[in-house]
Structure formats: C-alpha cells, structure tokens
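One structure below.
The values are calculated or read from the model by the stated rules, or taken from the named source; none is laboratory data. All of these numbers come straight from a predicted model, not from anything done at the bench. Here the Cβ positions follow ideal geometry from the backbone for every residue, glycine too, while neighbour counts run over all protein chains shown.
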Amino acid sequence: MLTTSQKSQLNENGILLLTNVISLETTLQLRERALELASADKKAGKGDTYLSNDNAQRVWNLVDKGEVFEEAIQNPHMLVAMEYLLGADCTLSSFTANILYPGAVDAGLHIDFPLSGLPTPRPSFPMVANSVWFLDDFTTENGATSCVPGSHKRLKSLPEAGVEYNDKQQICGPRGSVLIVNGAVWHGSSENMSDTPRVALLGFFCRSILKPQQDHFNLVSEGVIERATPTLKRLLGYNSIPNNRT
Ligand SMILES: O=C(O)CCC(=O)C(=O)O
C-alpha cells in the first residue's frame, strides 16, 4: 500500500524514492551478478556500451539471466507503485542493468520509450514507468539519476540537449533503495566522477495495452516460463492478449 503522501509525490513530482526495499544480501548478489554478466557480454563481443569511451553498459533481458532477477522483478514494494501508476494489469517492458563505470559522462535528460515518438500533447496519465534499483549508494559523485520533478506535466515539450535546467535534481540515496520514475519525467543518468562502478537495475514497466521494449515471448527461455509464478507470467505479458484464438 502506498501512503497518501507517496501517491501525491507520484502525482505531483512524478518520482518517488523508496528506501530499504532490497535486503543487503540481495543487493550484493544482484550487483555481483550484474557485473559478471556485463563482463561476460564484453568478452563475448556483445557488450551494449554507450556514452563515450565504453564507460556505460547495459545488460538486457535480465529475467532470463538468473532466478535472483526473476524474484527481484516481482518485488511487492516496487510493484505496488507501478500498479498505482500503470494499472493492476501492468506489464514488464524491459529489465536491464545500467552500469556506469568511472568516467561515464552525463547521459542527458530524456523521456522513456515510446513516449518521445508520440505526437503532442502526450497523454496526461502515466503510460510507462521505470524503477531504478540502487545497488550502490547513489551520490552526486557517482552518477545518481537526475530528474526534473513535475516535468511529466510538460505534455508538449521535450528536454533540449545541452540545456542546463535549473530545476534538475540528482536523486541520491542508500543502496537497497528503488526510485520510481514516471517515464514522462525528464530524467537520465549523470556523470560518474568516482573511482568505482555505479550499478543500477532498471525495471521498466508499461500499461498492458502497450508493446513492451523487449519481446519476452521470444527472449525468455521455456524453463523460466515453466517455473514462473502467476505474477511473473502476467508481467511477461501472458494475460494481455485479449483474443488469442485461431
Ligand atoms: O541509470 C540511471 O540513473 C537512469 C537511467 C534511466 O532511467 C534511463 O536510461 O531511462
């Protein structure tokens, strides 16, 4: 259950920081596994790096990369916020790791897929939302997520590259926290000026009527589907096809 204050933060600011959501043991496990996967992707020549100098890396399709991720994406404290924003039948759009190695530059502000491709004015109700999992303490030094609170109400405009908005804030917090961000809020990762990687998971969700960012029906292995709980199956889209008849 969200409190009235938490609901009002989501309505007015479009963001909500939930602290103490992930246990220390799970946080450490998720972080280690995310870094291992990133390193294996790089070695296999398929590391999805971006920003300058290979200093930021995504690992895609985490639901298929270990039971610890299958469990994590069903976290009830995070899901209650997603369901508040996107409806009780909301689905997973993608589940990725976003690793900022030392030297990663500021990614700039954006809104999430597929909102930037929509005609304006964009819908005033939430369509997609991200959960940023802090697997490290997030600080102004190591690239804590930047957001412009309330910018989800700017239905006709997008952030401009290179403009410094003076209402931009970095959302800092202890590892084990999860930041909920309405995908229409202007946001992005910041520069990592520290000497250690800043590791985050991004559990990205959408309304059940939308096409997800990743095609889970094709990307998630049979074994994962076979052992999936009803919640995980719903998140992967198995309840969202209204007329799947021949
Ligand atoms: O890693 C971060 O700080 C946030 C990244 C993000 O939300 C995004 O790329 O959509």
- The lone exception for residue 69 - which of (1) more than 18 Å from residue 22 (Cα to Cα); (2) part of a helix (DSSP H, G or I) it fails: (1)
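Yes or no, residue by residue, for (1) in a strand (DSSP E or B); (2) modelled with pLDDT of 95 or more; (3) among the charged types (D, E, K, R); (4) closer than 29 Å to residue 187 by Cα:
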position: 203; (1), (2), (3), (4): yes, yes, no, yes
position: 223; (1), (2), (3), (4): no, yes, no, no
position: 231; (1), (2), (3), (4): no, yes, no, yes
position: 237; (1), (2), (3), (4): no, yes, no, yes
position: 245; (1), (2), (3), (4): no, no, yes, no
- Task: Name, by its number, the condition in (1) more than 10 Å from the ligand (Cβ to nearest atom); (2) assigned to a loop (DSSP other than H, G, I, E, B); (3) within 16 Å of the chain's Cα centre (by Cα); (4) not aliphatic (A, V, I, L, M) that does not hold for residue 208.
- Result: (3)
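One line per residue, one yes/no per condition, for (1) surrounded by fewer than 21 Cβ atoms within 10 Å (Cβ to Cβ); (2) in a loop (DSSP other than H, G, I, E, B); (3) touching a strand residue (DSSP E or B) at 6+ places or on another chain (Cβ under 9 Å); (4) in contact (Cβ under 8 Å) with a residue 12 or more places away in the chain:
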position: 156; (1), (2), (3), (4): yes, yes, no, yes
position: 159; (1), (2), (3), (4): yes, yes, yes, yes
position: 164; (1), (2), (3), (4): yes, yes, no, no
position: 234; (1), (2), (3), (4): yes, no, yes, yes
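Would you point out which residue out of 114, 149 is over 19 Å from residue 179 (Cα atoms) and not small (Gly, Ala, Ser)?
Details: 149 fails: over 19 Å from residue 179 (Cα atoms).
Every option except 114 fails the conditions.
When you check residue 79 against the structure, is it part of a strand (DSSP E or B), away from the ligand (no atom under 14 Å from the Cβ) and either closer than 22 Å to residue 212 by Cβ or touching a residue at least 60 places away in the same chain (Cβ under 8 Å) (or both), yes or no?
no
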- Within region 22-40, can one find any residue that is surrounded by 15 or more Cβ atoms within 10 Å (Cβ to Cβ) and within 22 Å of residue 184 (Cα to Cα)? no
- Can you name the residue in region 82-103 that is outside any strand (DSSP E or B) and within 16 Å of the ligand (Cβ to nearest atom) and, of all such residues, is nearest to the chain's Cα centre (by Cα)? 82
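May I ask you to verify whether residue 163 is farther than 23 Å from residue 71 by Cα, within 16 Å of the ligand (Cβ to nearest atom) and not small (Gly, Ala, Ser)? First the steps, then the outcome.
On the way: farther than 23 Å from residue 71 by Cα: yes; within 16 Å of the ligand (Cβ to nearest atom): no; not small (Gly, Ala, Ser): yes.
Against the criterion (farther than 23 Å from residue 71 by Cα, within 16 Å of the ligand (Cβ to nearest atom) and not small (Gly, Ala, Ser)), residue 163 does not qualify.
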- Query: Would you pick out the residues in region 97-151 that are over 21 Å from residue 174 (Cβ atoms), β-branched (Val, Ile, Thr) and surrounded by 20 or more Cβ atoms within 10 Å (Cβ to Cβ)?
  - Reply: 111, 128, 148
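Residue-by-condition table, conditions (1) hydrophobic (A, V, I, L, M, F, W, C); (2) within 16 Å of the ligand (Cβ to nearest atom):
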| residue | (1), (2) |
| --- | --- |
| 154 | no, no |
| 174 | no, yes |
| 177 | no, yes |
| 198 | no, yes |
| 203 | no, yes |
| 214 | no, yes |
| 235 | yes, no |
| 240 | no, no |
